[in-house]
Amino acid sequence: MYNVVFVDDREDQFIILNQVKREAKDTLDFFEFVPEASIIDTQKAISKKAPDLLLLDYRLDEKPVRDDKIAEYKAGPVAQQFRDSAIEDYKNDFPIFAVSHEENIRLYDPDKTAHDLFDQIWFKNFFVDHPNDAVNQMISFIEAYKEIIDCFNTENILHKLLQINAEEVGFIDSHFFKDINKLKAPNLVSINIFKTFINRSWLLLDKDNLLARLGIHPDDKESTHFNELTRIITENDIEYSGIFGSGFQRWWANRLKGFFEGRYSVALGDLTSAERVEKISECTGLKFQPALSRWTNNSDTYVSFACSSCKNPTEVEYSVSAYDPVPHPVIGKNRICWSCIQTGEYGDRGFLVDDSDEFTADKIRHGKIVFG
Ligand SMILES: [Zn+2]
């Protein structure tokens, strides 16, 4: 059993974990408490429970906690203290999530702080709406930390943690491997790997990007034929099995490409989505609707990724680069489809357009580029 500690100044919030507890009854033990007025006392209370994962309400300072006293600090300083001690003793490191209602979490912008303190920032609704995913993802973080700690300070930790083959090593900048080995605490390794590989689709594809690569319509995402196709893919060692893989299903982009080229002599990228699903059907007997471009509403098109904003299959030519600073040039950047620019919805989802594509985006916003 792993220990999960949840600290919130409002006791009525502990209810959000009810469903999660039922899902996780044999794997996770939960300890919930309100913070102490003094930050040191809160840190001591947390340490006493030997957490494998810590959930911190982002605003700990909203409601009196003891004797009408308010905890005059937010989640950040609490997390910082644990992060500092992990540098002294890396074996004591564990994942820390900030949890909040949406309106509060917007105040926290990790890009504006010196470094990221939290592994994840979750809305409280996630525990209630997706308890099963919440449990799997929490366990995957706990186990990721244990794996990182096991190989910390050894050579080539990225090879071990991602379980990459020689071809994939070639896609990653050699400096990146060295930089990962230089990081001073497991949490820095975890946050770096999560942001670089799990949370962005370039080497590893999430389900939306897998559909786009295959030219399959998102409506088929849960179909029995798509489940069968993912089963075939898994059997052929395309599914990612490195750290975080148990909570975040991903597929290797290069192995997917190699599988279709090697087994069926099909280069999927050279085909339109209508042609791709036809080929896949010829090869496997499975039937799919072709992906449509959101911009042209047409399947006679070369979609290659899922828009970062709306997740629809998208073509490079009908998308712009998102403002997306990445630590190494080799890492694939996020892109936004033209339809999201036209409707403005990308802004509500927290995306910005990169300066290099602002000229195009502005034309779309002002109706100077329209379909047809
Ligand atoms: Zn979009």
Residue within the stretch 201-221 that is at positive phi and in contact with a helix residue (DSSP H, G or I) (Cβ under 6 Å, 6 or more places away or on another chain) present: yes
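I need a count of the residues in the stretch 290-300 that are near the ligand (Cβ under 10 Å from one of its atoms) and not charged (D, E, K, R).
Qualifying residue count, the stretch 290-300: 1.
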Positions within the stretch 147-167 being under 20 Å from the mean Cα position of the chain (by Cα) and touching a residue at least 60 places away in the same chain (Cβ under 8 Å), in sequence order: 147, 148, 161, 162, 163, 164
Out of 57, 26, sole residue that is touching a residue at least 12 places away in the same chain (Cβ under 8 Å) and either surrounded by fewer than 18 Cβ atoms within 10 Å (Cβ to Cβ) or of a type in the set (S, T, N, Q) (or both): 26
Residue that is free of Cβ contacts under 8 Å to residues at least 24 places away in the same chain, within 14 Å of the ligand (Cβ to nearest atom) and of a type in the set (A, V, I, L, M), where the choices are 316, 303: 316
Candidate set: the stretch 345-371, residues that are β-branched (Val, Ile, Thr) and assigned to a helix (DSSP H, G or I); chosen: the one surrounded by the fewest Cβ atoms within 10 Å (Cβ to Cβ): 360
Test: residue in the stretch 270-279 that is within 16 Å of the ligand (Cβ to nearest atom) and either surrounded by fewer than 21 Cβ atoms within 10 Å (Cβ to Cβ) or more than 30 Å from residue 225 (Cβ to Cβ) (or both): no
Check on residue 185, modelled with pLDDT of 95 or more and under 15 Å from the mean Cα position of the chain (by Cα): no
Test: residue in the stretch 173-183 that is among the small types (Gly, Ala, Ser) and in contact with a Lys or Arg (Cβ under 8 Å, 6 or more places away or on another chain): no
Check on residue 84, surrounded by fewer than 14 Cβ atoms within 10 Å (Cβ to Cβ), over 26 Å from residue 151 (Cβ atoms) and acidic (Asp, Glu): no
Enumerated helices (runs of 4 or more DSSP H) restricted to the stretch 209-300, each holding at least 1 residues that are touching a residue at least 24 places away in the same chain (Cβ under 8 Å) and touching a strand residue (DSSP E or B) at 6+ places or on another chain (Cβ under 6 Å): 253-264, 273-284
Tally, over the stretch 194-246, of residues that are buried (at least 18 other Cβ atoms within 10 Å of the Cβ) and of a type in the set (Lys, Arg): 3
Among residues of the stretch 327-349, those that are over 18 Å from residue 306 (Cβ atoms), in contact with a Ser or Thr (Cβ under 8 Å, 6 or more places away or on another chain) and without any contact (Cβ under 8 Å) to a residue 60 or more places away in the chain, counted: 0
Enumeration of residues in the stretch 336-359 that are of a type in the set (A, V, I, L, M) and in contact with a helix residue (DSSP H, G or I) (Cβ under 7 Å, 6 or more places away or on another chain): 336, 341, 353
Test: residue in the stretch 342-360 that is more than 15 Å from the ligand (Cβ to nearest atom) and more than 26 Å from residue 172 (Cα to Cα): yes
Tally of residues being more than 17 Å from residue 317 (Cα to Cα) and within 14 Å of the ligand (Cβ to nearest atom) across the stretch 331-341: 0
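The values are calculated or read from the model by the stated rules, or taken from the named source; none is laboratory data. Nothing here was measured: the structure is a model prediction, and the numbers come from that model. Every residue, glycine as well, gets a Cβ built from its backbone with ideal geometry; the counts of neighbours run over all protein chains shown.
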